[in-house]
Structure formats: C-alpha cells, structure tokens
Amino acid sequence: MPQRAFVSFDYDYDYDYDKTPKDFLIGQAKNPDSPFAVHDWSIKEASPHWKAKARARIRASDVVIVICGEHTDAAVGVALELKITQEEQIDYFLLNGYPGKTGKKPTTAKATDKIYKWEWDNLKTLVGGGR
C-alpha cells in the first residue's frame, strides 16, 4: 500500500495555476511504480482553525514532503506545518522544488535536515525512509 503523503509548500511563491511543484509531485504519485499517494489536503483559505485542520491532515499521513523554494525560509505556514509534523513525530523530508535553484529550509527545520534533489529514483527512496 502506498504511503500517504502530505505536501507542504509556500503558497505565496510556489503556487501557480499552470505549473506548481506540488502538481508535479501529484503527477509523479500517479506513476505505476509510485510508493506514495498525495491527497490534495491544501488549506486554501486562512481561518482561525487552519492549524487544527493542518494537524489532523498531517496526523493522517505517513510522510510529509516539504517542497523548498527560494522563499521557503520566510513562509510562516510551511514553518508551522513542519513544526506540527515534528510534534506529531511524522516522518518528513525536505525536497528542492526547482532544478538549478537553491531551495531554502523552513525556519523550523533542524540543522541536520538536508534538502534533497528532486529526481524520481531519489524521491522513491526518500518516501521509503532512505535518508
């Protein structure tokens, strides 16, 4: 059974209606040899209860994939989702969202957290726990 993946990304800078790293990840999850499934659990509107909704969705996941872009270090929502992930002790990893660019870690990332290169074989290994 595929791992249930929650995707955390910077909505302000890494979301575009035509092409987003998250959409590419959802597409890869549909590959026949994919070890993970992505449910679109994005919380699109700010509300007083968004943290509780995010916690419930993260808790229902097996792994959290944090897409790191050029502004992720300033993305408050990503930092909070990663903090919740750590509090809930859910497996996670940081994934560089753009080839040829340097993704930045969320402020709540640990010093030992590495940002991994986004390649299909690498992604399958990371989802499987290989770090």
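Every number here is computed from the coordinates shown, using simple stated rules; none is lab data. Bear in mind that the values here come from a model prediction, so they are computed numbers and not experimental data. Cβ placement follows ideal geometry from the backbone for every residue including glycine, while neighbour counts extend to all protein chains displayed.
Observations
- Exclusive hit being among the polar types (S, T, N, Q), out of contact with any Ser or Thr (no Cβ under 7 Å at 6 or more places or on another chain) and crowded, with 19+ Cβ neighbours inside 10 Å, set T125, T85, T112: T85
- Cβ pairs under 6 Å, 6+ apart, first in the stretch 107-125 and under 14 Å from L82 (Cβ atoms), second outside any strand (DSSP E or B): T107/A79; T108/A79; T108/L82; T108/K83; I115/G103
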